[in-house]
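Asker: The structure under discussion is supplied below as structure tokens; questions concerning it will follow.
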Amino acid sequence: MTETPTYPRRDADGRLATIGDLLGVVLAGLVLGVAVLLVFEAAMSVLQLSRFGEASGWLAVLLPVWIFVEEFRAAGYGGRRIVVAVLAAGFGVGAGMTVAGLAAQSFPALVSGAVGAAGLSVCYALIWFYGLRALSDRRADS
């Protein structure tokens, strides 16, 4: 009996195995978050409790943050995961705020926030994945 491969692939430590897996899961969570936010916005608009597009699109980042917390937990103990998480969060927030600010000039808060959440998520994922592995390899060489 053959075992069916699971997605996303994980390494022996429980972390997502490739950058494609991490980005795929993060972007899927982001798309799901935006979809739920759109449904919520539509319901609020139909009930005339608010105008469509006024909610913050940054709420779409909730599922990617959950994924990053699980990745942080799976990274094990040690200072390297804290260093990489702080750097990734700093650069991610900076990238997200930059693209959200650029989008806010032309689009409502829902769109600009979702674009900012996407920028934060992708930047964090890239720095987390490659930074953690670079520090792990450096530690193994010592």
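The values are calculated or read from the model by the stated rules, or taken from the named source; none is laboratory data. Please read all numbers here as calculations on a predicted model, not as lab measurements. Every residue, glycine among them, receives a Cβ derived from its backbone with ideal geometry; neighbour counts consider all protein chains shown. Please note that ligands, DNA and RNA were not included when accessible areas were found on the heavy atoms of the full protein model with its side chains. Shrake-Rupley method; radii C 1.70, N 1.55, O 1.52, S 1.80 Å.
Asker: Can you pull out every residue in segment 26-52 that is surrounded by fewer than 15 Cβ atoms within 10 Å (Cβ to Cβ) and within 14 Å of V122 (Cα to Cα)?
Answerer: A28, V31
This table checks each residue for (1) open to solvent by less than 40 Å² (accessible area, probe 1.4 Å); (2) modelled with pLDDT of 90 or more; (3) of a type outside the set (G, A, S); (4) touching a Phe, Trp or Tyr at 6+ places or on another chain (Cβ under 9 Å).
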{"residue": "R73", "(1), (2), (3), (4)": "no, no, yes, no"}
{"residue": "Y77", "(1), (2), (3), (4)": "no, no, yes, no"}
{"residue": "G92", "(1), (2), (3), (4)": "yes, yes, no, yes"}
{"residue": "A103", "(1), (2), (3), (4)": "yes, yes, no, no"}
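Asker: For S121, work out the one condition from (1) under 26 Å from E41 (Cα atoms); (2) part of a helix (DSSP H, G or I); (3) touching a residue at least 40 places away in the same chain (Cβ under 8 Å); (4) over 11 Å from the mean Cα position of the chain (by Cα) it doesn't fulfil.
Answerer: (4)
Asker: A follow-up question, please. All but one of (1) surrounded by 14 or more Cβ atoms within 10 Å (Cβ to Cβ); (2) without any contact (Cβ under 8 Å) to a residue 24 or more places away in the chain hold for I82; which doesn't?
Answerer: Looking at each condition in turn, I82 falls short on (1).
Asker: Here's another thing I want to ask about it. Taking A55 as the residue in question, decide whether it is without any contact (Cβ under 8 Å) to a residue 40 or more places away in the chain and either of a type in the set (F, W, Y) or surrounded by 11 or more Cβ atoms within 10 Å (Cβ to Cβ) (or both).
Answerer: No, not satisfied.
Asker: Test of understanding: among F68, F91, which residue is within 15 Å of F129 (Cβ to Cβ), in contact with a Cys (Cβ under 6 Å, 6 or more places away or on another chain) and among the hydrophobic types (A, V, I, L, M, F, W, C)?
Answerer: Only one candidate qualifies: F91.
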